[in-house]
1. What is the local net charge at Asp104, summed over the other residues whose Cβ is closer than 15 Å to its Cβ (Lys, Arg +1; Asp, Glu -1)?
2. Give the distance, in whole Å, between the Cα centre of segment 33-94 and the Cα centre of segment 145-211.
3. Given a cut-off of under 8 Å on Cα pairs at least six residues apart, what relative contact order in percent is computed for segment 66-157?
4. Roughly what percent of Cα-Cα pairs across the chain reach past 24 Å?
5. For segment 64-71, what does the Karplus curve 6.51 cos²θ - 1.76 cosθ + 1.60, with θ = phi - 60°, yield as ³J(HN,Hα) per residue in whole Hz, taken in order and with x for Gly and Pro?
6. What distance in nm separates the two pseudo spin-label positions at Ser191 and Ala101, each 7 Å out from Cα along the beta-carbon direction?
7. Pull out the extension gain between Leu201 and Gln240, defined as 0.36 nm times the separation in residues minus the alpha carbon to alpha carbon distance; nm, one decimal.
8. Amide H to amide H under 5 Å from Lys149: which residues, 5+ apart in sequence or cross-chain, H placed 1.01 Å off N in plane?
Amino acid sequence: MTELSNSTAAGTSTAGDSTASSSAWTGASAILFDLDGVLTPTAIVHERAWQELFDGYLQDVPGADGYRESDYFDHIDGKPRFDGVRDFLASRSIVLPEGPADDDPANDTVHGLGNRKNKVFNDIVEAGGVAPYEGSVRFLEAAEALGLKVAVVSSSRNAPAVLLAAGLADHFPVVVDGVVAAAAGLPGKPSPATYEYAAQLLDLPSEECVVVEDAVSGVQAGSAGSFHAVIGVDRGAGRQTLLDAGATLVVDDLNELL
Ligand SMILES: [Mg+2]
């Protein structure tokens, strides 16, 4: 283990405790990774797509407060897409009809808005590709080299496409994404169900699996289960917020765990 030199100004606590960092995952048999914001910087793409969606939608809603960056973290981040739509709208006291699951993206329904957001997201990914976080790839490869099993647990229905675009698909025969969760009838994060399902698919008890998450709802999901540890990756949610949500420890980058 490398000794982490902590040159941060006094009073700014960091995850510079290498003992705590390594003990969070030593002894574990598997690492369950969230995707967007943990392995790939696609949380930013999702954030942009949501902003574009609601900026456009709210223009036609007189008197509604405009979309703010904090709305993403408060109401949307980490949740299944349609829950994000519904919960954001609720924050503005807006209730829309659900519409069919494959509703036209042009329709102002929960599913229409969700599908519109998905279209914006896919357009951005296809145009720009996805480069995974370097520190996350190093951590993933180190875990695999130690013989740990790995899986991806994502609320997104785009997880396989994003993994392919990032060149990571071959690492993950087990992917529990929004499609798998819906087919298995599992509630999304903050329920621990999708993480527990991934552990089952790896043939391991939850106690032997580490959850790695960047979203409050995802950390809550890990914390609600009986996992070995929940590692929070602070990509903007806030270190203390992730600790309060139940993270065992919080890092800025997964290379801090090496
Ligand atoms: Mg995430």
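1. Net charge in that neighbourhood comes out at -1.
2. Answer, in whole Å: 23.
3. After rounding, I find 21 percent.
4. 46
5. Once θ is set to phi - 60°, the couplings for segment 64-71 become 7, 4, x, 6, 10, 4, 5, 4 Hz.
6. Label at Ser191, label at Ala101, 1.4 nm between them.
7. 10.8 nm
8. Result for Lys149 returns Ala30, Ile31.
The values are calculated or read from the model by the stated rules, or taken from the named source; none is laboratory data. Note that this is a predicted model, so its numbers are computed, not measured. Quick reminder, even Gly has a Cβ in these numbers, built from the backbone with ideal geometry, and neighbours come from all protein chains shown. These area figures cover heavy atoms from the full protein model, side chains too; ligands, DNA and RNA do not enter into them. Shrake-Rupley method; radii C 1.70, N 1.55, O 1.52, S 1.80 Å.
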